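The block underneath contains the structure these notes are about, expressed in structure tokens.
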Amino acid sequence: LTSVRYPGVQRGSYSQLSDKHVQHFKSILPKERVITDEDDIAAHNVDWLGMVRGASQIVLKPKTTEEVSAILKYCNAENLAVCPQGGNTGLVGGSVPVFDEVVISTSLMNNIISLDELSGVLVCQAGCILENLDSYLSERGLMMPLDLGAKGTCQIGGNVSTNAGGIRLIRYGSLQGSVLGIEAVMADGEVIDCLSSLKKDNTGYHLKHLFIGSEGTLGIVTKVAIQCPPSPKAVNVAFLGLDTFDDVLRTFKEARSGLGEILSSCEMMDMLALDAATTNLNLQRPIGEFPFYMLIETSGSNGTHDEEKLTSFLEGLMGSGIIHDGTVASEPSRIKLMWKLREGITEGLLHDGYVFKYDISLPHNSFYAIIPELKTRLPAEKVGRICGYGHVGDGNLHLNITTPKFDPAVLKIVEPFVFEWTSKLKGSVSAEHGIGFKKTQYIHFSKSQSSLNLMKDIKKLMDPKGILNPYKVLPAQH
Ligand code: FAD
Ligand code: MLT
Ligand code: ZN
């Protein structure tokens, strides 16, 4: 067996699923949680972008850590490969099987275990949906330290396993900081309990970091302890129009110094990126047409203080001619509409046809230059749009190229060019989406050979048979 879209990828020498295996799974889980019906499995075999497709014949839905442990222990003994799956919103093909891996879905592991309202530490199972956690917390004056467009579907276990970034990272930092503890099940079924709820705990190696961002290749995350900040009392969003990318950078610099501790998001999108949301999703552009737009959010504890700061920041920018038009929202419904313009871009782009999706970290002074460069390299008649948006405050560009359908000629021009460009600038070929299945051949652009060797050794130690999410993260040969 070889993968259809990725012909170079060979199926590993894992066992084939048999009746005996299915019967055994039914002795671990109630039979309605052992899914073998082709129609019920279909959605688990294809990723959110509809670009990576596997052929699993079984989806298992455990509810407890003990069930995950029993499943993995058996799969390891039987040499059955598995694919851990959360909300299946991943953008690099990591969450779907490549061949016939057993899908282990965490969607029924959705219990909140505890919340310490004083410290803000939430402990929950991996399958809790991010937005549900945020709603639960907001009723108690707290919030999740991360937010992303997929919040209604993605799960905290998936977020941790991808080390998801998103639109609040600039304020609350990466999950490596806010995740205090993790419980995970190793390939052989052993449960690793590092579910500490302590903010400070320097007792030896910080094992939780092995699971944060390892995309299901070292273990299945079953529980998470996460530090949650208080919800803000005042939120404002400014949607701004700018003429040049230099003005975007000037605005970011001013936002950092002028808004300081209340800055909670600093996002940019170019004209064609915003157009993907407005035209393709039929949304209203809130200001006139500009080459660049920024969405700047403030969150604080004193509305009057925040408004004063925001007003003086915006007046300064207007006065110096850096921004020409803008609008500010403080009512939740308008704030939501403005965020929809930014968060809707991902879905809007899919309406163009095929999306070549890149998620790169770059130094600010070279952040946008790849877009005009690609416009000169790619024949205009072949592409729908070449656009850029992303978390400019975190140095993370989402470069997207759309075509009516998958076009190998476009791929040849774009890859490995984008990765070489990024590597020359000492950037990262995956800022926040991970390596998954789609980027394994490009990991070396951002990781040294010695780092890759150590990663391979860790993988061998923790999953000697390689049953956990094979074909993902690590390149087949390096
Ligand atoms: P899945 O997609 O199911 O899985 C992702 C990876 O984690 C896979 O490799 C899977 O095997 C593994 N995995 C899942 N659960 C577990 C577990 N419990 N234990 C071990 N491994 C597991 N990402 C960002 O970083 N920032 C963004 O701003 C952002 N915005 C997005 C917007 C949209 C509209 C969409 C569709 C996606 C976006 N993403 C973003 C990508 C995606 O939502 C994140 O990667 C998210 O964290 C994935 O969570 P999930 O539950 O859907 O995981
Ligand atoms: C975003 O910031 O919108 C997400 O990372 C998704 C994407 O890159 O399209
Ligand atoms: Zn993003």
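Coordinate-derived values only; no laboratory data. These figures come from a predicted structure and were not determined experimentally. Glycine gets a Cβ as well: all are built from the backbone with ideal geometry, and neighbour counts include every protein chain shown.
For this structure, a couple of remarks:
- Positions within the stretch 60-90 being buried (at least 24 other Cβ atoms within 10 Å of the Cβ) and more than 23 Å from residue 464 (Cα to Cα), in sequence order: 62, 86, 90
- Which numbered condition residue 191 fails, given (1) surrounded by 20 or more Cβ atoms within 10 Å (Cβ to Cβ); (2) touching a Ser or Thr at 6+ places or on another chain (Cβ under 9 Å): (1)
- Flag if residue 450 is under 26 Å from residue 172 (Cβ atoms), more than 16 Å from ligand 2 (Cβ to nearest atom) and among the small types (Gly, Ala, Ser): no
- Residue, nearest to residue 91 (Cα to Cα), within the stretch 323-337, restricted to residues that are hydrophobic (A, V, I, L, M, F, W, C) and surrounded by fewer than 19 Cβ atoms within 10 Å (Cβ to Cβ): 337
- Test: residue in the stretch 405-412 that is within 16 Å of ligand 1 (Cβ to nearest atom), surrounded by fewer than 17 Cβ atoms within 10 Å (Cβ to Cβ) and free of Cβ contacts under 8 Å to residues at least 60 places away in the same chain: no
So that you can scan it fast, the table gives a plain yes or no per residue for (1) in contact (Cβ under 8 Å) with a residue 40 or more places away in the chain; (2) surrounded by fewer than 19 Cβ atoms within 10 Å (Cβ to Cβ):
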{"position": "100", "(1), (2)": "yes, no"}
{"position": "106", "(1), (2)": "yes, no"}
{"position": "109", "(1), (2)": "yes, no"}
{"position": "121", "(1), (2)": "yes, no"}
{"position": "132", "(1), (2)": "no, yes"}
{"position": "140", "(1), (2)": "no, yes"}
{"position": "146", "(1), (2)": "no, no"}
{"position": "156", "(1), (2)": "yes, no"}
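- Positions within the stretch 437-478 being more than 24 Å from the chain's Cα centre (by Cα) and farther than 22 Å from residue 220 by Cα, in sequence order: 449, 450, 453, 477, 478
- Matching residues, the stretch 359-414, being acidic (Asp, Glu), assigned to a helix (DSSP H, G or I) and away from ligand 2 (no atom under 12 Å from the Cβ): 373, 381
- Pair list, Cβ under 7 Å, 6 or more apart: the stretch 158-186 residue farther than 24 Å from residue 48 by Cβ, other residue small (Gly, Ala, Ser) and within 13 Å of ligand 2 (Cβ to nearest atom): 170/265; 170/393
- Among residues of the stretch 433-449 that are more than 17 Å from residue 470 (Cα to Cα), those with a beta-carbon under 6 Å from a residue that is hydrophobic (A, V, I, L, M, F, W, C) at least six positions away or on a different chain give the pairs 433/91; 433/92; 445/419; 445/429; 446/429.
- Only a single criterion out of (1) buried (at least 20 other Cβ atoms within 10 Å of the Cβ); (2) of a type outside the set (S, T, N, Q); (3) in contact with a Pro (Cβ under 9 Å, 6 or more places away or on another chain) is not satisfied by residue 170, namely (3).
- Within the stretch 197-226, being in contact with a helix residue (DSSP H, G or I) (Cβ under 8 Å, 6 or more places away or on another chain) and surrounded by fewer than 17 Cβ atoms within 10 Å (Cβ to Cβ) holds for one residue alone: 209.
- Residue match in the stretch 135-155 (condition: under 20 Å from residue 458 (Cβ atoms) and among the β-branched types (Val, Ile, Thr)): no
- Residue 435 vs. criteria out of contact with any strand residue (DSSP E or B) (no Cβ under 9 Å at 6 or more places or on another chain) and within 16 Å of ligand 3 (Cβ to nearest atom): yes
- Matching residues in the stretch 67-109 - criterion: being more than 10 Å from ligand 1 (Cβ to nearest atom), of a type in the set (A, V, I, L, M, F, W, C) and over 17 Å from residue 436 (Cβ atoms): 70, 71, 72, 75, 77, 80, 102, 108
- Residues of the stretch 306-319 satisfying the condition of being without any contact (Cβ under 8 Å) to a residue 60 or more places away in the chain and of a type outside the set (A, V, I, L, M): 308, 309, 311, 312, 313, 315, 319
- Entry remark, the stretch 150-196: residues being farther than 19 Å from residue 225 by Cβ and hydroxyl-bearing (Ser, Thr, Tyr) number 1 in total.
- Total residues in the stretch 220-250, condition under 27 Å from residue 143 (Cα atoms) and not hydrophobic (A, V, I, L, M, F, W, C): 9
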